[in-house]
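To keep things clear, I will list the structure first and then write my remarks on it.
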Ligand code: ADP
Ligand code: MG
């Protein structure tokens, strides 16, 4: 086993935990993990800024699991996520990480699901809760969740949560947690307004920023503001105009993936196989398409009234 600075074995983790990481294919820490995990395992508060797909979930997941007591049925770790899909992804990743740590119950509490089964699950006891701010606030309001034993509080994708107007809910949830706790904040961006809004949640945090690994010079981004109903047709027009060699499209729902696939088929892109799939790194349903013409491109929807198209030029 290697013991380099980026090896998980340089961290104070049990052999069983390390063996599980190895079985997950986690042989070396990602940059954000290497820069944050030593401080996280030491109990320090953290503000970590890194792009999507950089391995932030394990950076806080390992931190939560490290100090969790499986024999104590109390909510010891709480993770706030902006959406139900992200909460599900985080919970699944935590379950994989927890395999070596005993019988740990991880509960997802998000909106769009009935309250009653969630309340029943809470009554049975959970070690870690992953949830969206609105639903967690509802449970706190009804007195169906107790957060007074939370040791680790994580704000995942903090910028998206504040963009979505969740600040009041988050502040209420934070105040339901003990004052003595570890708080870890993860965000792709950390503008001044979020810094000001969240400053009171953290005590002397370590700040870690990991720049994107790609060369920005090679990426050209384009933004098109179009009507909601014109989105699918616009994608077809742009593909015909730019003739990319291969294309990866991201949509925020599976239904939209299918609609876009259908539109493109009608526009004469029969080779797009368009199997709807889950993209864990981007928290979106996505589908990948077969080669079309000159260079790869991707399409992240931003708001219902706006869509952007980026073209990534091959080096
Ligand atoms: P982020 O939250 O930064 O967007 P994720 O935590 O979702 O990123 O991780 C992105 C992907 O990388 C996931 O599929 C995860 O399983 C994988 N991953 C995370 N850390 C490692 C690692 N050290 N080695 C290999 N794969 C990793
Ligand atoms: Mg993430």
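Would it be correct to say that residue 173 is at pLDDT 95 or above and in the same structural domain as residue 143 (by TED's automatic domain parsing)? Judged against the criteria, residue 173 is a match. Regarding region 131-143, can at least one residue be identified that is more than 24 Å from residue 37 (Cα to Cα) and not in a helix (DSSP H, G or I)? Checked region 131-143: at least one residue is more than 24 Å from residue 37 (Cα to Cα) and not in a helix (DSSP H, G or I). Among the residues of region 106-130, write down those that are in contact with a helix residue (DSSP H, G or I) (Cβ under 8 Å, 6 or more places away or on another chain) and in a helix (DSSP H, G or I). 115, 118, 119, 122, listed by residue number.
When region 22-34 is filtered for residues that are more than 16 Å from ligand 2 (Cβ to nearest atom) and assigned to a helix (DSSP H, G or I), the ones remaining, listed by number, are 22, 23, 34. Return the residues of region 73-100 that are surrounded by fewer than 21 Cβ atoms within 10 Å (Cβ to Cβ), in contact (Cβ under 8 Å) with a residue 60 or more places away in the chain and either away from ligand 1 (no atom under 12 Å from the Cβ) or over 16 Å from residue 24 (Cβ atoms) (or both); say none if nothing qualifies. Across region 73-100, the qualifying residues are 74, 83, 85, 99, 100.
For residue 78, indicate whether it is within 14 Å of residue 129 (Cα to Cα), away from ligand 2 (no atom under 15 Å from the Cβ) and in contact with a strand residue (DSSP E or B) (Cβ under 6 Å, 6 or more places away or on another chain). Taking the combined requirement at face value, the residue satisfies it.
Residues are listed down the side, and each one gets a yes or a no for (1) under 21 Å from the mean Cα position of the chain (by Cα); (2) surrounded by fewer than 19 Cβ atoms within 10 Å (Cβ to Cβ):
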position: 142; (1), (2): no, yes
position: 202; (1), (2): yes, no
position: 222; (1), (2): no, yes
position: 235; (1), (2): no, no
position: 243; (1), (2): no, yes
position: 248; (1), (2): yes, yes
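Being under 24 Å from residue 66 (Cβ atoms) and either modelled with pLDDT of 95 or more or crowded, with 20+ Cβ neighbours inside 10 Å (or both) is true of residue 152. Among residues that are in the same structural domain as residue 44 (by TED's automatic domain parsing) and part of a loop (DSSP other than H, G, I, E, B), residue 103 is included.
Is it the case that region 51-65 has a residue that's farther than 25 Å from residue 163 by Cα, within 11 Å of ligand 1 (Cβ to nearest atom) and modelled with pLDDT of 95 or more? So far as region 51-65 goes, yes, one or more of its residues are farther than 25 Å from residue 163 by Cα, within 11 Å of ligand 1 (Cβ to nearest atom) and modelled with pLDDT of 95 or more.
The criterion of at least 2 residues that are modelled with pLDDT of 90 or more and on the phi < 0 side of the Ramachandran plot is met by the following strands (runs of 3 or more DSSP E) wholly inside region 185-251: 206-209.
The values are calculated or read from the model by the stated rules, or taken from the named source; none is laboratory data. This structure is a prediction, so every number in the text was calculated from the model and none was measured. Cβ atoms come from the backbone with ideal geometry, glycine included; neighbour counts cover every protein chain shown.
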